[in-house]
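The values are calculated or read from the model by the stated rules, or taken from the named source; none is laboratory data. This is a predicted model, so every value here is computed, not measured. Positions of Cβ are generated from backbone atoms using ideal geometry, with glycine treated the same way; all protein chains shown enter the neighbour counts.
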């Protein structure tokens, strides 16, 4: 250990001083779920981009361990730095609840953990990787870009990379704010380095920037031809890198299961790499049995996810959409892009699967198979989910240039080429959706050989009301289904239409009312109005629905009422030619004339397309029904 040099960077009197709110650390801030997610993404994507053998998986291990402070090289100097930081903070303190007090609390805990003689450490190890190669001063090397710079990229690489910002991710779970690196690289060099970045402070009347490091000469890493012989840094034997985050700390540790949170983050971001056998991850809590995440175990681990959670305030991929994506990647139909379809990106793949339970979300990733972002796609007639993958080296370079430093967005609109790339991607998606999630023909669910009734608007009567006519185009009528025979009575129907359970209908003559002489009162006693409000069903009213050809995915529902009323629930179904009902969640939303969106019935036992509280006024009531497809189909209600 005597070969290590401890270096402090002196403050240039003409340079700006650094405050306690580190901008690079803030780059990876957020709640504990976001911080763990960032930690996992940043510490896996770099190794995944740089495998030693591409035909073998990269292996990552997250391990919590306890370490004696006496084993840490130069721990006295680290403690001296933290004491100086606390002294600076106390001199700047203005209140008991401000930002300075928060930093005082943080570094007080760091000091206490060092003085206790034993600290918690999160060790992150990768295997089958090229390791750290080069020097901190060589920005053309992966070591230089990672440890020596901020915002420095390799334009020739198709890898991800945060331009050196990724090195800050392990600090988000370190209350000491110091990390060690131990690596055996592809040319059999052993690399050792320790690093922390704080804020401007004074030690023995000398002002320092806050950056400290532990390595070789000239602030560079320590390089050796053989491994160290003692201490935790000597444990690295295989090619790859160990990162040690000192003072591993998370809030509410007794309530917060960090192993499961890491597991979820691994699957959420790298399910593609795991299922393609590019990645194996294990999570270890001290001496407990490891949790293995690989192609054989990933499906079982989905039990930790809440499938009903489809929204996430922290912008992480929601748990329900993660489960959906894993199933699509494992079981979906695979499409390969045509040569003329993606000329800029080259070879691309889409995994897509149709399922009534799916949400129409598409996920996007590049060659390393790390999740970039997800987006809801409006194409198609029935529900599906899909995954887009750019698989070519050149395409990955192009997308990397469009990618933000968080690896969560492709900024297509930054230039004309980016917009052409976007067009390639979404035209490829549209073709695959059309093949998997579109009805074969527009009349698939229509009643063949007949004209369905339509409430048209092609002509005007004298009172400027719509004329009543038969449509020559297939549209849809709402037919009640919860009675053996039901009828929709409407003067412009030219009679009465009887409908059975299967949706078959026939026209009959209307029943005539009993004859009464003019002005002769009825001898029947009028019924007293029930003070209790009546519960209406849809078959108590005259109702119809038709496709609005002026708008995509839109139907207009009309219900006529003689008085103000409320229909508690209406359920919508599509009959198939075989007499069964299509098991589709095909209605997106329904709004009334006041543009108020009706609530979907989510009570236990309710149907997929069941909505609540249809408020009716006297006369004709219009509702706009937004569907998930743009075809004309017959619709049955009950």
**Filter result for the condition that a residue is over 27 Å from residue 142 (Cα atoms) and modelled with pLDDT of 95 or more, over 264, 204, 278** = 264
**Complete:** Of the candidates 48, 85, the one satisfying the condition of being under 21 Å from residue 146 (Cα atoms), modelled with pLDDT of 90 or more, buried (at least 19 other Cβ atoms within 10 Å of the Cβ) and assigned by TED's automatic domain parsing to the domain that holds residue 233 is 48
**Complete:** The residue from 367, 346 that alone is at pLDDT below 95, crowded, with 16+ Cβ neighbours inside 10 Å and part of a loop (DSSP other than H, G, I, E, B) is 367
**Asked** Assuming residue 300 fulfils every condition listed in (1) modelled with pLDDT of 95 or more; (2) buried (at least 21 other Cβ atoms within 10 Å of the Cβ); (3) outside any strand (DSSP E or B) apart from one, which condition is it?
**Response** (2)
**Request:** Could you check, for segment 194-208, whether at least one of its residues is assigned by TED's automatic domain parsing to the domain that holds residue 138, over 19 Å from residue 107 (Cα atoms) and under 41 Å from the mean Cα position of the chain (by Cα)?
**Result:** no
**Message:** Can you tell me which condition residue 251 does not meet? The list is (1) assigned to a loop (DSSP other than H, G, I, E, B); (2) in contact (Cβ under 8 Å) with a residue 24 or more places away in the chain; (3) closer than 17 Å to residue 322 by Cα, and all the others hold.
**Reply:** (3)
**Asked** If you check residue 100 against the conditions, is it surrounded by 13 or more Cβ atoms within 10 Å (Cβ to Cβ), touching a strand residue (DSSP E or B) at 6+ places or on another chain (Cβ under 7 Å) and touching a residue at least 12 places away in the same chain (Cβ under 8 Å)?
**Response** no
**Members of segment 377-390 that are over 15 Å from residue 425 (Cβ atoms) and assigned to a strand (DSSP E or B)** = 384, 385
**Asked** So which of 335, 270 ends up being within 24 Å of residue 44 (Cα to Cα), in contact (Cβ under 8 Å) with a residue 12 or more places away in the chain and surrounded by 15 or more Cβ atoms within 10 Å (Cβ to Cβ)?
**Response** 270
**Complete:** residue 83 fails exactly one of (1) under 25 Å from residue 118 (Cα atoms); (2) in contact (Cβ under 8 Å) with a residue 60 or more places away in the chain; (3) out of contact with any strand residue (DSSP E or B) (no Cβ under 7 Å at 6 or more places or on another chain), namely (2)
**Message:** Any residue that is out of contact with any strand residue (DSSP E or B) (no Cβ under 6 Å at 6 or more places or on another chain), farther than 25 Å from residue 192 by Cα, in contact (Cβ under 8 Å) with a residue 60 or more places away in the chain and part of a loop (DSSP other than H, G, I, E, B) - is there at least one of those in segment 51-58?
**Reply:** yes
**Item:** Qualifying positions in segment 604-638 - more than 27 Å from residue 384 (Cβ to Cβ) and exposed (fewer than 14 other Cβ atoms within 10 Å of the Cβ)
**Value:** 617, 618, 619, 622
